[in-house]
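Asker: One structure, pasted below without further comment.
The values are calculated or read from the model by the stated rules, or taken from the named source; none is laboratory data. None of the values given here were measured: they were computed from a predicted structure. Because the Cβ atoms are built from the backbone with ideal geometry, glycine has one as well, and the counts that use them run over all protein chains shown. Just so you know, the surface numbers come from the protein's heavy atoms only, side chains and all, with ligands and any DNA or RNA stripped out. Shrake-Rupley method; radii C 1.70, N 1.55, O 1.52, S 1.80 Å.
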Amino acid sequence: MDTATVNSRLDGARCVDAGTRDRICEETAAALLAAGTVPSFEVRSADLRADPYFRCADRYWRSRFLHRPTARTAFECARWMADHVRDENWGEVAEQWALGNGFLNRGSVESAEQVAEAVGEAGTGPEAERIGFFLTLFQAGKLRANFCFDELHAFLEFSSPAAAAGSLRERPVFVALRSFAAFGSRTLTAAYACELLEQAWSAAGRTRHTVDICLNGLAFAAPFEGQGELLRDRAAEAVEAYPDDHMFHGRLAAGLHLCGQYDAALRSIDTALALLATSPTASLGVLQDQYLTKREAIREGRLQALRDAEQQRRWERQTAANTRVERSLHTSSVRAVEVVAVFTAAIAFAVGSLQVTLTGDLTLSDRLWLLAAQGVGLAVFALLVVGGTWLITRSHHGPDHREE
C-alpha cells in the first residue's frame, strides 16, 4: 500500500463513526504489515480515539510487539518515533506505547543485559537518551504487570538501560515507577514510597500514565496505615481530572473499599465497568475480569459489614439485658439483707418482750419503759444495718441509674 493511499484512507477515517474509524485503522495497519512496509506518515497527537494516524500507528506497532516482544522491537519503534512523532507529543506517545506494549507482552521478560545490548546500538546524544528511556519503560512495563517489585526497583535504580535514559529519568512517569516498586517491595519503607509518590504527583509535567502508576502502586502496596484514605483521596483527584477514564474510577472503588465505604465503592466500580465497555483498550477482557472480581469483593465486604453490624447490635442488646439482670439480682440481694435485718430485729423484740412481760416483779410502768428502750435499740440496730447496706452498695448501682 503506497503512501498516498494510506494517507487518503486515514484522512477519510476522520469523518466516520468510531467503529468504522477503528476498522479502517486496523485494516490499514494490517496491510502495511503484510506488505512489510513501515508507516511513513507523521503522528501529530496521542489521541487514540479521534486521530486515525495515531491509531493506525498504534495498531501497527502493537502487532509488531506481539509478533516479537523484544527489546530489539522496542529499539526499532523508538527509532521510528524519532522521525515520525512530533517533539511535543513524543513523551506521551512513548509512555503509551512502551508501558502499554510492556503490559500486553508481560509473559516475555528479557534480562537487563539483553535490554542493555539493544540500548547500546543507540550511541550517544539526545536521541540515545530517548531510546534508552523508551526501552527502560518497555521493560518496566513488563515487570510492573508481573508485580515484580524488587526486580523493578533494581532495574530502575542500577541497570545500564535506565542510566542511558540520562536526564529523562527525572520525568514524573519514571519517578512514579520507582514509587510503584517501593510500595510493593519488602525491603523499602512505605514512607519512602509515599515520598516518591508525592514527588511524581505534584510534578508539573504529570501525565495520565503517571497518575495511573501512582494509583496502581497504592492499590497493590503492602498494607500500611492510611493506605485506604490516601488511595481514595488521590483517586478522587484523578477522577475529577479524567472523568471518562474507567481505570481511575476502578482505583477509586478500591480506595473506598479499603475505607469501608461499600455503597460508594459499588457505584464507582459500576461506573468503571460502564466506561470500559466503550473503551478502545486492547486489554478490555483482562480489565473487565479485574473489575468484576473487585465488584464481587466489594459486595462481599458490604454483606459482611451488614452481618457484623447486626451481630454487634445483638451483642449490645444481650449486654444490656445481662446488665439489667445483674442489677436486678444485686438489688434483690440488697433488699433481702435489709428484710433479714428488720425481721431479726422484730423477732428479737418479740422474744425480749415476752421475757419482760412474763417474768420478773417489775411494775407495769417499768416494764413499758423497758420494752420501749428495747424496741428503740432494735430499731436503731435495724436502721444501722439497712443504712450500712445502702452505703456499701450505692457505688455499684448508682452509676447504672445515671447511665439510664
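Asker: For the stretch 236-259, state whether one or more residues are surrounded by 15 or more Cβ atoms within 10 Å (Cβ to Cβ), out of contact with any Phe, Trp or Tyr (no Cβ under 9 Å at 6 or more places or on another chain) and not in a helix (DSSP H, G or I).
Answerer: yes
Asker: Is one or more of the residues making up the stretch 285-294 at pLDDT below 85, over 17 Å from the mean Cα position of the chain (by Cα) and surrounded by fewer than 18 Cβ atoms within 10 Å (Cβ to Cβ)?
Answerer: Within the stretch 285-294, one or more residues are at pLDDT below 85, over 17 Å from the mean Cα position of the chain (by Cα) and surrounded by fewer than 18 Cβ atoms within 10 Å (Cβ to Cβ).
Asker: Return the total of residues in the stretch 148-177 being closer than 23 Å to E117 by Cα and of a type in the set (K, R).
Answerer: So the answer is 1.
Asker: Something else now. Check whether at least one residue in the stretch 32-50 is among the small types (G, A, S), in a helix (DSSP H, G or I), closer than 25 Å to K142 by Cβ and touching a helix residue (DSSP H, G or I) at 6+ places or on another chain (Cβ under 7 Å), and report yes or no.
Answerer: Looking through the stretch 32-50, none of the residues is among the small types (G, A, S), in a helix (DSSP H, G or I), closer than 25 Å to K142 by Cβ and touching a helix residue (DSSP H, G or I) at 6+ places or on another chain (Cβ under 7 Å).
Asker: In the stretch 75-122, which residues are more than 32 Å from the chain's Cα centre (by Cα), farther than 16 Å from S45 by Cβ and open to solvent by 50 Å² or more (accessible area, probe 1.4 Å)?
Answerer: The answer is E76, R79, D83, E113, Q114, E117, G120, E121.
Asker: Now for a different question. Out of curiosity, is F65 touching a residue at least 40 places away in the same chain (Cβ under 8 Å), touching a Cys at 6+ places or on another chain (Cβ under 9 Å) and either part of a loop (DSSP other than H, G, I, E, B) or not assigned by the TED database to the domain that holds I131 (or both)?
Answerer: no
Asker: Another question about this same structure. Could you tell me whether S45 is over 36 Å from the mean Cα position of the chain (by Cα), at pLDDT below 95 and in the same structural domain as A98 (by the TED database)?
Answerer: No.
Asker: While we're looking at this one, here's another question. Could you list, in sequence order, all residues of the stretch 1-52 that are within 23 Å of E88 (Cβ to Cβ) and charged (D, E, K, R)?
Answerer: D11, R14, E42, R44, D47, R49, D51
Asker: Right, here's the next one. Quick one: count up the residues across the stretch 204-224 that are part of a loop (DSSP other than H, G, I, E, B) and of a type outside the set (A, V, I, L, M).
Answerer: Here the count works out to 6.
Asker: Further question: Does the stretch 41-49 contain at least one residue that is of a type in the set (V, I, T) and open to solvent by less than 20 Å² (accessible area, probe 1.4 Å)?
Answerer: Checked the stretch 41-49: at least one residue is of a type in the set (V, I, T) and open to solvent by less than 20 Å² (accessible area, probe 1.4 Å).
Asker: Something else about it: Looking only at the stretch 190-203, count how many residues are open to solvent by less than 50 Å² (accessible area, probe 1.4 Å) and in a helix (DSSP H, G or I).
Answerer: Looking only at that region, the number is 7.
Asker: Criterion first (modelled with pLDDT of 80 or more and either surrounded by fewer than 16 Cβ atoms within 10 Å (Cβ to Cβ) or assigned to a loop (DSSP other than H, G, I, E, B) (or both)) does R314 satisfy it?
Answerer: Considered against the rule, which asks whether it is modelled with pLDDT of 80 or more and either surrounded by fewer than 16 Cβ atoms within 10 Å (Cβ to Cβ) or assigned to a loop (DSSP other than H, G, I, E, B) (or both), R314 comes out as no.
Asker: Sticking with this structure for a sec: For H209, which of the numbered conditions (1) open to solvent by less than 10 Å² (accessible area, probe 1.4 Å); (2) in contact with an Asp or Glu (Cβ under 8 Å, 6 or more places away or on another chain); (3) closer than 24 Å to D83 by Cβ fails to hold?
Answerer: H209 satisfies every listed condition except (1).
Asker: Still on this structure: Residues that are over 30 Å from A190 (Cβ atoms) and small (G, A, S): find the helices (runs of 4 or more DSSP H) completely inside the stretch 78-180 holding 3 or more of those.
Answerer: Counting at least 3 such residues, we get 112-120.
Asker: Can you pull out the residues in the stretch 123-153 that are within 27 Å of E88 (Cβ to Cβ), open to solvent by 40 Å² or more (accessible area, probe 1.4 Å) and either touching an Asp or Glu at 6+ places or on another chain (Cβ under 8 Å) or not charged (D, E, K, R) (or both)?
Answerer: Those that are within 27 Å of E88 (Cβ to Cβ), open to solvent by 40 Å² or more (accessible area, probe 1.4 Å) and either touching an Asp or Glu at 6+ places or on another chain (Cβ under 8 Å) or not charged (D, E, K, R) (or both): G123, T124, P126.
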